[in-house]
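First, the structure itself, so that you have it in front of you.
Read-outs throughout are calculated quantities, based only on the coordinates presented, and are distinct from any laboratory measurement. This is a predicted model, so every value here is computed, not measured. Cβ atoms come from the backbone with ideal geometry, glycine included; neighbour counts cover every protein chain shown.
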Protein chains: 2
Amino acid sequence: MTPPQTDPNVLRHGGALDAAIARHGGSRADWLDLSTGINPSPPRLPDLDPALWQRLPEAALEARALAAARHCYGAPAGAGLVAAPGTQALIAALPHLFAPADIAILTPTYSEHALTFASAGHRVSGFERLEAVPTDAQIVVVVNPNNPDGRVFEPADLLALADRPAASGGLLIVDEAFADVAPSRSLASATGRDGLLVYRSFGKFFGLAGLRLGFALTAPALATRLAERLGTWAVSGPALAVGATLLGDASVVDQIRTDILRQHELLRTALDGAGLPLVGGTALFTTVSHPSAHALFAALCRRQILVRPFTAPREWLRFGNPADAQQARRLETALREALAEIGTS
Amino acid sequence: MTPPQTDPNVLRHGGALDAAIARHGGSRADWLDLSTGINPSPPRLPDLDPALWQRLPEAALEARALAAARHCYGAPAGAGLVAAPGTQALIAALPHLFAPADIAILTPTYSEHALTFASAGHRVSGFERLEAVPTDAQIVVVVNPNNPDGRVFEPADLLALADRPAASGGLLIVDEAFADVAPSRSLASATGRDGLLVYRSFGKFFGLAGLRLGFALTAPALATRLAERLGTWAVSGPALAVGATLLGDASVVDQIRTDILRQHELLRTALDGAGLPLVGGTALFTTVSHPSAHALFAALCRRQILVRPFTAPREWLRFGNPADAQQARRLETALREALAEIGTS
């Protein structure tokens, strides 16, 4: 099955808002951008020592950020952690560490894993169920919870899958970009063993995607190889400092969880009120279905609300969380008008 | 010939200052760190819109940073530019774009190029003169001006070398990390053609190494392949914004050139006054020779001044620029005392 498709020229570099403004007018301040799954209300940035910008990032600072990530994500002392300028840098680098292999990706999911493995010369196939993954797939990729449909996989089922490729030198990759709000299903605590790699994204949960910070949690030897591909000092001093502070502050993490769940409740209420059938989602986004989803997308754009359309399935629309009740009311009004305008409700 | 060697455990991640503090005491504020070739007096950071931290870096912002770099470095419209989280990320990624090949590196030079090409499975050889590079070397690496000896290569000689590998699908790599103060020898204006790639480092000249920003200037097809290896959104929003502003401000660039030249004059005066024979250098550092260089290094550490020693040649010591006359006087005094202490002068 083909993964959900969006227009890569628009999505790359998050240029969707610029494209929407170019087409529908308005300024950035006029638009309500719900096209991402990024927390819309980040915590206050810690004060940044000017030396963080000036000096090469220090080993001690990187160690502090890695220790905070290890603690926050619950990775054991024996796991190898790699900090990168965003999970995307890891997703781009990892496929090149392996000779061409059979890659099984749980689909439908977002397309970056398939694109980067295919571009590195691997044979990529999509499977809708864990049970359908061929026993000889050398590398298996699961996004948990999944984007954009929010499907969740149980840790025990995934660990059973990790046991299989590990025996043959293979690898289970679990992309936990949206796992932070409900971390009970995270496999972070199982990392360190061979055959398992977990990605964690800093920017989405903390609402600081521009900072560029992401982590891989895996066996120490693979972590070393991955870090070498990124090169020394891959993450900026400010990103390491912000990551070390926020990942290390349990009260900030708890507050963000509470905020995101409240914002998500606002989103779900707005979408329910509009009668849009739920496909699924995580606490940071909800995907719904509509027979004229592209017309609804355009009608929302005319109201300067940007959401995420798909080219396949064409019926899906993904909504990020509003930041507050005011934004949620704006979304409710716009949905009502837009649905009336396109002649369905 | 072996490239100049430093202790990789100390130098990686710029941990030299931490190691020196651990051994000789004092706090960071007590130390005068002359161990890097980074401008010690960066310009004021532009104000940063909070959205730069929050949103994924926008295509329009990256385009602004690349346009400013193209203008500042003098690259033609036809050149492909890649922005990376530091030149080091490019140096780590590039060797993996090529099948194992014969790599010729002009030596002695700093070790990262040799390390990353060797780690990617290439056969690496060092040559002391351009004329000695074998005609069948597929990839040639030149650092111009060179680090740590400051040797300069003439553009015409380098272009002749670029013509040769280009004909056979090869590549001349010119690392211009220290070219900004005297850009007349830069090959940036010749990029865009096949067979030539130039690295430019933002952090050293602007004194903002913690920001992580560097560029490759090359043929468009190679630039695309290199960017793909880095992954989308590899550079942070704040780094792109700072880069776009400072690279685009000719008066800032001119002022920094003036400041660096003045600081370098202070450094040269201090080293001349100490009677230390000059090996060479660039405007951002000077390398001198001393028969007991390691003893001199340690005696300076006891005065909480950190410089860069080498394991080969053991006689070399590299000094970065002092920020001002006060730091220069401190260096002069420390050199006089240190040389007396180790029994030579």
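With the convex hull built on the Cα atoms of the stretch B:56-248, state its orientation-averaged projected area in nm².
Working: hull surface 38.6 nm².
Projected area, direction-averaged: 9.7 nm².
A further question follows. At 0.36 nm per residue, minus the direct Cα-Cα distance, what do A:L48 and A:T269 gain on full extension? Give it in nm, one decimal, please.
Value of the extension gain: 75.7 nm.
While we're on this one: Can you sort B:S186, A:S41 from fewest to most other Cβ atoms within 10 Å of each residue's own Cβ?
Ordered from fewest to most neighbouring Cβ atoms within 10 Å, B:S186, A:S41 come out as A:S41, B:S186.
Distances longer than 17 Å among the Cα atoms of the stretch A:132-207: what percent of all pairs is that? All intermediate terms of the calculation are to be shown ahead of the outcome.
Numbers: 1165 of 2850 pairs.
That fraction is 41 percent.
Would you please give the FRET efficiency between B:D254 and A:H71, computed as 1/(1 + (r/R0)^6) with r the Cβ-Cβ distance and R0 = 45 Å, to the nearest 0.05?
With a Förster radius of 45 Å, E is 0.45.
For peptide A:330-340, what's the mean number of Cβ atoms from other chains within 10 Å of each residue's Cβ?
So the per-residue partner count for this stretch is 0.
Once you wrap a convex hull around the alpha carbon atoms of the stretch B:14-159, what is its projected area averaged over all directions, in nm²?
13.1 nm²
Can I ask one more? For chain A, set up a Gaussian network in which alpha carbons nearer than 10 Å are linked by springs, and say which option among A:G86, A:G280, A:G210 fluctuates the most.
Among A:G86, A:G280, A:G210, the largest GNM mean-square fluctuation belongs to A:G210.
At 222 nm, what helix-only mean residue ellipticity would chain B give, in deg cm²/dmol to the nearest 500, using -39500 (n - 2.57) for each DSSP H run of four or more?
One gets -12000 deg cm²/dmol as the mean residue ellipticity at 222 nm.
OK, next. If you place +1 on the Cβ of every Lys and Arg and -1 on the Cβ of every Asp and Glu, how big does the dipole about the Cα centre of chain A come out, in debye to the nearest 20?
Working: 29 positive and 32 negative charges, 86 e Å.
My answer is approximately 420 debye.
While we're on this one: Tell me, in nm to one decimal, what length is gained between A:R28 and A:D102 on full extension, where the rule is 0.36 nm per residue of separation less the Cα-Cα distance?
So the extension gain works out to 22.3 nm.
Another one. What order do you get for B:R129, B:R64 when you list them from fewest to most C-beta neighbours inside 10 Å? Walk me through the intermediate numbers first.
Numbers: B:R129 7, B:R64 18.
Going from sparsest to densest Cβ surroundings: B:R129, B:R64.
If each of B:R193 and B:A60 carries a label point 7 Å out from its Cα toward its Cβ, how far apart are those two points in nm?
It is 3.7 nm.
Could you give log10 I(q)/I(0) at q = 0.11 Å⁻¹ for chain A, computed by the Debye formula over C-alpha point scatterers of equal weight, without solvent?
Reported log10 I(q)/I(0), two decimals: -0.74.
Can I ask one more? Within 10 Å of each Cβ in peptide B:208-216, how many partner chain Cβ atoms are there on average? Round it to a whole number, please. Intermediate results must be reported in sequence, preceding the final value.
Numbers: counts 6, 8, 19, 8, 12, 1, 0, 0, 0.
Per residue, the number of nearby Cβ atoms from other chains is 6 on average.
If every alpha-carbon in the stretch B:213-345 counts as one equal scatterer, what log10 I(q)/I(0) does Debye give at q = 0.10, 0.12, 0.19 1/Å?
-0.50, -0.65, -0.99
Same structure again: Per residue of B:254-264, how many C-beta atoms from partner chains lie within 10 Å of its own C-beta, taken as a mean?
0
Next question. Compute for the protein assembly as shown: radius of gyration divided by Kirkwood radius, i.e. Rg/Rh, restricted to C-alpha atoms, rounded to two decimals.
That ratio equals 0.99.
Roughly how many whole Å is it from the C-alpha centroid of the stretch A:259-311 to that of the stretch B:294-345?
First find each Cα centre; the distance between them is then 64 Å.
Got a sec? How would A:V252, B:V198 order by Cβ neighbour count within 10 Å, fewest to most?
Fewest-to-most ranking of A:V252, B:V198: A:V252, B:V198.
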